[in-house]
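Here's the structure, in structure tokens; my notes come after.
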Amino acid sequence: MGTGTTAGRTRWWLVAAIAAVPALALLPFLVGFLWFVLSDGDDRQDRGAVRETGCARALAFGGAALPSGARTVGACEEFVGLDLAYRAEFRMPRADVRGWLAHTYPAAPAPGTESCPAYAADQGTEREADLCLDLGPGQGLPDGVEADAVQIGVVAEDGTGTALVRFSAFTV
């Protein structure tokens, strides 16, 4: 009778401690599930979606701005997936293309004419770009640019004195 407990009584704190261990182990899963269910879902719905965006935003993501005298072709696009990507197309005076590229990306190598990507042309045919520039980290992108890479393809339009510029900027 000197033990201080009555026969048949359990120590309540021992039962509470044993029950709390599994509950604490499941708590992070419960919090994550509740966050997923109660969140508005915008982030999940936007993954893998292509949507229209402002051309100024698309170009700024890659450290560029629409050159003077340029006209956009269609809507500029944003793609949200594992990475973030922007695409813009515009026409500008062909004679101003190299100057715009040099002004926009002063540390970049000169644009080239070899290994340029092919682009869809009229009537379902493909045409290789006449001039292209691929930039990445340490390859001519200005400091503070959000994009990890920028690709620019220029197609000279016959008889018009204009060039179609296809601009894409993305993270990797």
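The values are calculated or read from the model by the stated rules, or taken from the named source; none is laboratory data. The structure presented is a predicted model; accordingly, all values stated were derived computationally and were not measured. Cβ atoms come from the backbone with ideal geometry, glycine included; neighbour counts cover every protein chain shown. Accessible surface areas use protein heavy atoms only, side chains included; no ligands, DNA or RNA. Shrake-Rupley method; radii C 1.70, N 1.55, O 1.52, S 1.80 Å.
Using θ = phi - 60° and the Karplus relation 6.51 cos²θ - 1.76 cosθ + 1.60, list the HN-Hα couplings for the range 64-78 in order, rounded to whole Hz, with x at every Gly or Pro.
Rounded to whole hertz, the list is 10, 9, 5, x, 5, x, 8, 10, 6, 10, x, 8, 7, 10, 10.
On average, how much accessible surface per residue is there in the range 132-172, in Å², for a 1.4 Å probe, leaving out ligands, DNA and RNA?
Normalised by residue count, the accessible surface of the range 132-172 is 43 Å².
All other residues with a Cβ under 13 Å from the Cβ of Cys132 taken together, and with Lys, Arg as +1 and Asp, Glu as -1, what is their net charge? Before the final figure, lay out each step's value.
Details: positive: Arg98, Arg127, Arg166; negative: Glu114, Glu128, Asp130, Asp134.
Combined, the nearby Lys, Arg, Asp and Glu give -1.
Which three lengths, in whole Å and largest first, does the range 52-172 cover when its Cα atoms are put on their principal axes?
Principal-axis extents of the Cα atoms in the range 52-172, largest first: 38, 29, 28 Å.
Count neighbours as other Cβ atoms within 10 Å of each site's Cβ, and list the GluC sites (Glu not before Pro) in the range 104-172 that are DSSP loop with at most 16 such neighbours.
On the way: sites: Glu114, Glu126, Glu128, Glu146, Glu157; in loops: Glu114, Glu146.
Loop-located and lightly packed - Glu114, Glu146.
Report ³J(HN,Hα) in whole Hz for each residue of the range 135-146, in order, from the Karplus equation J = 6.51 cos²θ - 1.76 cosθ + 1.60 where θ = phi - 60°; Gly and Pro get x.
In residue order, the calculated couplings are 10, x, x, x, 10, x, 6, x, 4, x, 6, 6 Hz.
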